Amino acid sequence: MDFLTLIQILDSTVRLATPLLLACLAGLFSERAGIFDIGLEGKMLAAAFFSAAIAFTTGSVWLGLLAGIGASMALSGLHGLASITFRGNQLISGVAINFLASGLTVLIAQSWFKQGGRTPSLIGNARFEPITLPFAEALQNVPFLGPIYYELLSGHSILVYIAMLCVPGSWYLLYRTRFGLRLRAVGENPAAVDTAGISVIGLRFAAVAICGILCGIAGAYLSTALQAGFVKEMTAGRGYIALAALIFAKWRPWHALFACLLFGLLQALALRSDVVESVLQVSVPDQLLNSLPYILTVIILAGFVGKAIPPRAGGEAYVKER
Amino acid sequence: MDVMPRWADVILVPIISLLIAFAISALVILAIGQDPVAAVKIMITGALGSTYGWGYTLYYATNFIFTGLAVSIAFHAKLFNIGGEGQATLGGLGVALVCLSVDWPHWALALPAALVGGAVFGAAWAAIPAYLQAKRGSHIVITTIMFNFIGLALLNYVLTNILRPQGQMDPASARFPEGANLPTLHDILAPIGISFSKAAPANITFIIAVLACVLVWLFIWRTRVGYELRAFGHSQPGAVYAGISPVKITMIAMLISGGLAGLMATNNVMGEAERLVLNSVEGAGFIGIAVALMGRSHPFGVFLAAILFGFLYQGGAELALWASIPRELIVVIQALVILFTGALDNMVRMPIQKLFLALRRSKAEG
């Protein structure tokens with residue numbers, strides 16, 4: 001494998017890791033506050049559709065992004081209503097949200113655009129175009145560092161850079177602010193937070209709202225940056241891979257970045273099985289590469305390689321003492 | 001003392017939830033510019049208006065009975081088996097291997113063997129998450145989700161690289177031998193003078209599914225292990241104090257659950273497709289969740305809910321054919337049913353409880 005192929009693979013790793021990272025951080029906020037969320041997939045899918053649809057009709061990708069975030073937050077609100085207000089089962093609510101998004105997106109797309117459940121292709125301002133970082137063109141011929149800067153770091157859409165900035169942002173918010181401390185506390189011991197006179201319900205709704213925003217950006221990235229338009233079921237299990245990455249990262253932001261890059265690399269390699277074969281000298285089925293994120297997560301969950309301990313109050317509705 | 005009488009809990013609350021789900025579905029149909037009344041008419045004539053329609057309704061219902069029972073058994077032990085999809089996928093592999101390994105002389109020999117094959121493979125796929133939950137405390141919801149994807153990848157590999165006959169393009173196994181073809185309801189009902197559509201795929205596994213409902217009922221409420229399973233589901237510390245082993249119950253509940261999901265393959269793989277294709281389960285594993293929630297995890301409730309979803313599935317297919325409403329409408333209905341009978345259960349339950357309390361109070365005063 002030559003240097004350029006490596007750069008290309010790493011480049012698509014970044015591209016494919018971005019939606020995983022955004023969804024993973026979304027899940028991180030929600031689960032750190034004690035709300036399990038297996039509806040990441042559905043929220044991303046709804047956001048992908050609405051951002052593509054609005055971007056196409058208005059011609060502005062930024063309005064599309066807003067619409068995507070709005071759709072995702074609406075589903076977040078539903079999840080909050082079911083699991084916080086009515087103290088329902090958070091897992092069942094997540095399952096319902098995934099199906100709701102899966103069905104509604106196709107139904108609305110079909111009655112809106114009549115193209116078999118997809119949106120028309122996005123062009124021009126209706127898409128997030130790649131950004132060329134300063135001096136990238138000039139430096140591309142510098143040996144070694146030039147291609148890394150030009151191919152790998154430059155030339156992504158703005159959402160990729162936003163996603164990367166979300167990692168230190170989330171870390172700061174969770175570990176260096178009062179809000180973050182309270183949010184983490186509410187996922188471990190909500191009764192203590194309540195005793196301190198802070199609203200458990202308010203904090204949990206805030207966490208679920210942040211989750212909605214991040215999932216919305218992830219979905220918008222899929223349909224307006226990674227691809228040009230919405231197609232049926234375009235999230236293709238990414239919400240679940242993000243969930244896997246979250247466990248892999250043991251619910252910590254920086255680790256989430258590395259977990260998502262690892263899973264993104266596996267996805268990128270699955271697309272280039274010829275490269276894998278030439279490096280390893282054996283043929284690796286791409287089915288194996290595709291399912292490695294899931295297999296690795298099961299191994300981590302089994303506790304053979306370190307132990308993944310979820311937030312203590314995760315999955316339980318908080319009932320004030322009566 | 002319970003706030004509500006039993007009939008309200010078992011019948012009234014699910015029916016109100018269902019009505020809300022259907023009302024919202026009607027609004028969705030209106031919103032996409034179609035007529036809900038006409039849609040319901042098409043669904044009823046398409047699914048129940050002919051023996052052909054019934055044949056499809058019962059065929060789908062058979063799938064949902066198996067996956068619904070699978071989710072229910074796990075629910076009784078307070079385990080959420082979201083992996084019915086993967087277990088049914090692997091069950092399909094088991095059934096296919098059994099059907100392809102021998103040139104079966106008669107279906108009466110092939111069916112029991114296929115049932116064992118499907119159940120064993122389905123149970124095996126549930127065994128690893130069950131073991132990890134019981135012994136290592138890994139959350140069963142996450143592991144079963146992961147196993148759905150791993151199962152699909154595994155089947156994809158086996159179909160493209162091992163089971164696919166030479167010269168065939170699509171990833172599917174060879175056709176099963178003639179002797180492994182199951183009798184359809186047409187074949188069963190014709191000798192007793194009832195004419196039933198020849199084209200419909202409903203087959204003898206429907207009877208096995210009904211039998212499975214009875215057996216599951218007997219198991220849960222009439223055996224010692226079933227009692228232990230329910231006790232474990234109600235209170236884990238209580239069950240442990242009574243000498244019930246959590247490891248044993250978790251394993252038993254999940255093995256039976258996976259086995260039931262695997263049994264589904266005798267219907268769709270052996271009874272209908274008569275070969276193994278890639279996406280043979282078609283989401284039936286997930287519909288099992290809706291069916292179990294709606295049926296309140298009781299085998300009779302599961303049976304009724306499965307028939308309802310069979311009707312929705314067949315009716316939805318007719319809608320896609322005759323009205324320009326995509327098949328995805330059923331997915332939306334399914335989501336709403338899961339939402340209202342599952343996650344938003346309290347939203348429906350609380351006002352009804354208040355109503356009954358008020359009634360009782362006024363009776364006590366008057």
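Annotations for the structure displayed:
- Residue count, the stretch B:33-70 (criterion: surrounded by fewer than 22 Cβ atoms within 10 Å (Cβ to Cβ), within 21 Å of B:I188 (Cα to Cα) and hydroxyl-bearing (S, T, Y)): 3
- Picking from residues in the stretch A:85-123 that are within 11 Å of another protein chain (Cβ to nearest Cβ) and farther than 23 Å from A:G237 by Cβ, the one that is surrounded by the fewest Cβ atoms within 10 Å (Cβ to Cβ) is A:K114.
- When B:A77, B:A119, B:A114, B:A88 are checked against the criterion of being within 29 Å of B:S257 (Cα to Cα) and under 14 Å from the mean Cα position of the chain (by Cα), B:A88 stands alone in meeting it.
- Which numbered condition B:R175 fails, given (1) in contact (Cβ under 8 Å) with a residue 40 or more places away in the chain; (2) within 14 Å of another protein chain (Cβ to nearest Cβ); (3) among the basic types (K, R): (2)
- Within the stretch B:295-333, the set of residues being within 10 Å of chain A (Cβ to nearest Cβ), in contact (Cβ under 8 Å) with a residue 60 or more places away in the chain and assigned to a helix (DSSP H, G or I) comprises B:L329, B:V332, B:I333.
- Checking B:M146 against (1) more than 18 Å from the chain's Cα centre (by Cα); (2) of a type outside the set (S, T, N, Q); (3) buried (at least 24 other Cβ atoms within 10 Å of the Cβ); (4) more than 27 Å from A:L289 (Cα to Cα), the condition it does not meet: (4)
- In the set B:D103, B:D170, only one residue is closer than 28 Å to A:D286 by Cβ, out of contact with any Cys (no Cβ under 7 Å at 6 or more places or on another chain), assigned to a loop (DSSP other than H, G, I, E, B) and more than 10 Å from chain A (Cβ to nearest Cβ); that residue is B:D170.
- Scanning the stretch A:236-260 for residues that are crowded, with 18+ Cβ neighbours inside 10 Å and away from every other protein chain (no Cβ under 13 Å) yields A:A249, A:P253, A:A256, A:L257, A:A259, A:C260.
- Residue list for the stretch A:45-78, restricted to those being more than 14 Å from chain B (Cβ to nearest Cβ) and of a type outside the set (A, V, I, L, M): A:F50, A:S51, A:F56, A:T57, A:T58, A:G59, A:S60, A:W62, A:G64, A:G68, A:G70, A:S72
- Failed criterion for B:I73 (all others in (1) over 21 Å from B:L329 (Cα atoms); (2) surrounded by fewer than 24 Cβ atoms within 10 Å (Cβ to Cβ); (3) of a type in the set (A, V, I, L, M) hold): (2)
- Taken as a whole, the stretch B:112-130 holds at least one residue that is away from every other protein chain (no Cβ under 12 Å), farther than 30 Å from A:T297 by Cβ, touching a Ser or Thr at 6+ places or on another chain (Cβ under 7 Å) and not charged (D, E, K, R).
- Counting only helices (runs of 4 or more DSSP H) that sit wholly inside the stretch A:246-322, those with at least 2 residues that are in contact (Cβ under 8 Å) with a residue 60 or more places away in the chain are A:253-271, A:273-280.
- Residue in the stretch A:154-196 that is surrounded by the fewest Cβ atoms within 10 Å (Cβ to Cβ), counting only those that are in contact with a helix residue (DSSP H, G or I) (Cβ under 6 Å, 6 or more places away or on another chain) and among the small types (G, A, S): A:G180
FYI, it's all coordinate maths here, none of it is from the lab. All of these numbers come straight from a predicted model, not from anything done at the bench. Ideal geometry is used to build each Cβ from the backbone, glycine not excepted, and the neighbour counts take in all protein chains shown.
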